[in-house]
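Following: one structure in structure tokens, then a few remarks.
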Amino acid sequence: TEMGLDRSASERYFRWINGTLSGNFGRSYTYDVPVSQLIVERLSLSIPLALLAISISTLIAIPLGVFAAANHKRLTDTGIMGFSQLGVAVPNFWFAILLILLFSVKLGWFSAGGFSGWEMGIGIGVKSLTLPAISLALPQAAILARVTRSAVIETMKENFVRTARAK
């Protein structure tokens, strides 16, 4: 009765849809709190992690893509595109393991596990998110570098670029 299992499947479904559309996601039976509260708690960590990963990815990818395009068909272009292919091929969790081994175990610069919390300070919180953000950013940076390189090469072939160079 508490879970609504005494009602028909269609009634339960429509009540769930209605609740979801009105912002009532129900109650977590595991934690005995509203699901919306759990979502808000998780977003306070997921949003900064995503923003940091996007920032790192962009800061890495765009300069590399432009540099590779400027050195099109040279050794540096081939090297950058080779590393970007490696970045696309290697899964995020493998990058995460390698980053933990290098920066946590060997060098001791970062904590090996867990988020320290925002109450410890923004700097410590961002430091806790740095390794996960890098492991999320590297494959995305590899893809973005390849796209940037292709876009710059195509743009450099346009008529207005040739005209500007001729002038």
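The values are calculated or read from the model by the stated rules, or taken from the named source; none is laboratory data. From a predicted model like this one, the values you see are computed outputs, not experimental measurements. Because the Cβ atoms are built from the backbone with ideal geometry, glycine has one as well, and the counts that use them run over all protein chains shown. Heavy atoms of the whole protein, side chains included, go into the accessibility calculation; ligands, DNA and RNA do not. Shrake-Rupley method; radii C 1.70, N 1.55, O 1.52, S 1.80 Å.
Points worth noting:
- For F25, the stated conditions do not hold, so it cannot be described as open to solvent by less than 50 Å² (accessible area, probe 1.4 Å) and either aromatic (F, W, Y) or in a loop (DSSP other than H, G, I, E, B) (or both).
- When F95, F110 are screened for being of a type outside the set (S, T, Y), touching a Leu at 6+ places or on another chain (Cβ under 9 Å) and touching a residue at least 24 places away in the same chain (Cβ under 8 Å), only F95 passes.
- In segment 4-16, the condition of being touching a residue at least 60 places away in the same chain (Cβ under 8 Å) and open to solvent by 60 Å² or more (accessible area, probe 1.4 Å) is met by no residue.
- Answer from I97, I80 - the residue that is modelled with pLDDT of 90 or more, part of a helix (DSSP H, G or I) and more than 16 Å from S128 (Cα to Cα): I80
- Among the residues of segment 115-126, the ones that are open to solvent by less than 70 Å² (accessible area, probe 1.4 Å) and in a helix (DSSP H, G or I) come to 3 in all.
- Segment 135-167: number of residues that are crowded, with 20+ Cβ neighbours inside 10 Å and of a type in the set (A, V, I, L, M, F, W, C): 7
- Selection within segment 84-114 - farther than 20 Å from S57 by Cβ and loosely packed, with under 15 Cβ neighbours inside 10 Å: L101, V105, K106, L107, G108, W109, A112, G113, G114
- Segment 45-71 residues that are without any contact (Cβ under 8 Å) to a residue 60 or more places away in the chain, paired with ones that are charged (D, E, K, R) and surrounded by 15 or more Cβ atoms within 10 Å (Cβ to Cβ) (beta carbon under 6 Å, 6 or more apart): N71/D77
- For G65, the conditions (1) assigned to a helix (DSSP H, G or I); (2) open to solvent by 60 Å² or more (accessible area, probe 1.4 Å) all hold with the exception of (2).
- Matching entry among L52, L43, L75, L59 (being open to solvent by 60 Å² or more (accessible area, probe 1.4 Å), within 18 Å of the chain's Cα centre (by Cα) and over 15 Å from T148 (Cα atoms)): L43
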